[in-house]
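Written below as structure tokens is the structure these notes are about.
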Amino acid sequence: METKVFKKLPYGNSDFRDIRLNNYAYVDKTRYIAQLEQENNRNMFFIRPRKFGKSLLFTTLSYYYDINGADEFEALFGDLYIGQHPTPERNSLAVLKFDFSGLDTKTADRFTTSFGYKVQSCVCDFFDKYSNLIPNSAALIEQLEKDKRGVDSILRVINAAHSNNFRIFILIDEYDHFANDLIALGTQTGTDVYHEMVSANGIVRDFYENIKMGAKDSTFYRTFITGISPIMLDDLTSGYNIGNKLTLKAQYNEMMGFTRQEVEALMVITGVDPKLITIDMEKYYNGYLFSEDGKNRVYNPTMVLYIFSRILEDKKPPEKIIDDNLKTDYGRLGKLTQNDKNRQTLIGIMKDGGIEAPIISQFSLDMAYDDEYFVSQLFYLGLLTIRNVPLVHPFLMIPNYSIQTLYWDYLLKRINNSIPQQNISTLKLNSAMQSLAMEGKVDTFIRYVSETVFSNLSDFDIRNFDEKYIQIMLLAYLFQSGLYIPMSEYETVPGRADIFLQRNPAIPVAKFEWLFEIKYSKVSDSDKDKADIHKLGLEQLAAYCNAKRMQGRPNLKAALLHFTGKDEYEI
């Protein structure tokens, strides 16, 4: 019997040509090339969260339009949608690519030098690649290196295209990658470095003015700009005000990310054993909707490729179900919540699972920390997504469990930073978790959190202290152990358990699983009110335990955690 040959998994690979020529799996998104060509405005701007496939689309467009790539068209695109339905513009343009990640942002002068060098270097690479179109390309490169023209190198590209009668496709990836670093640099130095570079007569604005100049006379026949936030484009003002914003359009909702059908097809062609997927992938990686009129929710592609790569490599359920690369977004979250109002909003989102708010399509840095713009930033970063659209504004929810853990991690770090370090003992926490998992005793864990965390809360956190706040704090600490997969608002039918501690399939040593129902009373509440709350909690817990969904789970234990104020509790 012939052994089936599976496609390789392209985890960490965003080079379309390498993927297509070296037997990697490719989820065909090329139908969107034809859609993009139907846009009246050929200067396109499209943003998505980190790790969502922007760089792969970037290279796909590059190879499709490259005038030097006609010989490889059939090998790269032949069996794909666009290969079967090619457009007249295929392989008709010279492609000039810019990627603004990795710039030196340590000082304003070093950034200016680094940015100018990056632009000039990309232009030199362009002249070298298209020497067949530009007879004097070697002389142009030599002159640029001698004169160090920086962003003005683009003017030489425009002149070369005019002289030799060809058109150009401009691709700009990570257009806003350096923005946060410039903002932080200004905070350190006391000068507004970001606005000096972007909004005033700075080098970034000069670059985009040159791009706009080429686009207006169609030398730059198409431009496609990608990044993760609309802020910088707005701050460029007249420097680049010709962009066609596609981000929120329904027809591009699925241009990046995987639909459920695409995930299932990917499993088949790469040989992923579904029996080794011991988690609900939809809850962990799905849920993103980028348009109010979008038809299908999409999975984060990098999260999916990560879990599949672990399964294929280890031949067992993965120990880590969340890619550590996701946690790099914690830094962005921290920077966005530097003022009290935004922190309050974030706590509210964690308590309620989301927030009703408009999605603002365009705003500047000066507005980014206002409440409604702050929420929109969370949407563009992929930390919120559209749940539903009522009459006024959409309800934006936390997309999935993976992103929810990022919020818990943020809260845990912030709380721990405010607690005297001598009170924090990893050894005691680990011991408490062992007692919870192996002995079926919850009191050690609750005592640790109460004495170490709740009793040391800041005035800011005490304002938020209630049942929901206790829940997310407990989840943050439970998530750290790795012994369990903590699930909040777990549907038991009837009702929702505040916390369900599901045994981690990759770490099956945990003997006991847990259901927690959390109740909160104010110190000033009457004894009768406290007794009524206590009784209600026990009734709810009994209903959860008797639910059909919880039947047949070995060693399932349940506890009512009734807190009074921040210092007292009863189990």
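Structure notes:
- As a fraction of the 1.4 Å probe accessible area of the stretch 271-330, surface on carbon and sulfur atoms comes out at 47 percent.
- Counting heavy atoms of the protein chains alone, Asp324 has an accessible area of about 80 Å² for a 1.4 Å probe.
- The stretch 453-571 - share of DSSP beta bridges that are antiparallel (%, nearest 5): 60 percent
- Square roots of five times the Cα gyration tensor eigenvalues for the stretch 294-360, Å: 31, 17, 11
- With 10 Å bins from 0: P(r) over the stretch 286-398, alpha-carbon pairs, percent: 13, 38, 32, 14, 4
- Accessible surface of the stretch 379-532 [probe 1.4 Å, protein heavy atoms]: carbon and sulfur percent: 52 percent
- Across the stretch 438-571, the fraction of Cα-Cα pairs farther apart than 17 Å, rounded to a whole number, is 59%.
- The P(r) of the stretch 143-194 has a tail past 16 Å containing 64 percent of all C-alpha pairs.
- Volume in Å³ per residue [convex hull over Cα atoms, computed for the stretch 94-212]: 92 Å³
- Per residue, the chain exposes 44 Å² of solvent-accessible protein surface, assessed with a 1.4 angstrom probe and all protein chains in place.
- Descending semi-axes in whole angstrom, ellipsoid equivalent of the stretch 237-326, from the Cα gyration tensor: 32, 15, 11
- Within the stretch 493-543, the proportion of C-alpha pairs whose separation exceeds 15 Å stands at 57%.
- Normalised Debye scattering of the stretch 440-497 at q = 0.21, 0.29 Å⁻¹ gives log10 I(q)/I(0) of -0.95, -1.26, counting only Cα atoms as equal scatterers and leaving out solvent.
- Net dipole in debye of the stretch 67-160 [+1 Lys, Arg Cβ; -1 Asp, Glu Cβ; about Cα centre; nearest 20]: 420 debye
- Note on the stretch 17-132: Cα-only Rg and Dmax are 16.4, 50 Å.
- Subset of Lys535/Lys566; Lys249/Lys335; Lys245/Lys295; Lys275/Lys320 violating a 24 Å alpha-carbon distance limit: Lys249/Lys335
- Alpha-carbon geometry of the chain: the Rg and the Dmax are 27.0, 91 Å, given in that order.
- Aspartates and glutamates with Cα under 12 Å of Lys522, excluding same-chain neighbours fewer than 8 positions away: Asp466, Glu467, Asp567, Glu568
- Along its first, second and third principal axes, ordered by size, the stretch 74-162 spans 50, 33, 19 Å in Cα coordinates.
- Within-11-Å neighbourhood charge of Ala161 [Cβ basis; K, R +1; D, E -1]: +1
- Per-selection metrics, the stretch 367-523 (Cα): Rg and Dmax in Å: 17.2, 52
- For the chain, the longest principal axis of the C-alpha atoms and the axis of helix 527-546 are separated by about 70°.
The values are calculated or read from the model by the stated rules, or taken from the named source; none is laboratory data. The structure displayed is predicted, hence computed values, not measured ones. Note that each Cβ is placed from the backbone with ideal geometry, even for glycine, and that neighbours are counted across all protein chains shown. Accessible surface areas use protein heavy atoms only, side chains included; no ligands, DNA or RNA. Shrake-Rupley method; radii C 1.70, N 1.55, O 1.52, S 1.80 Å.
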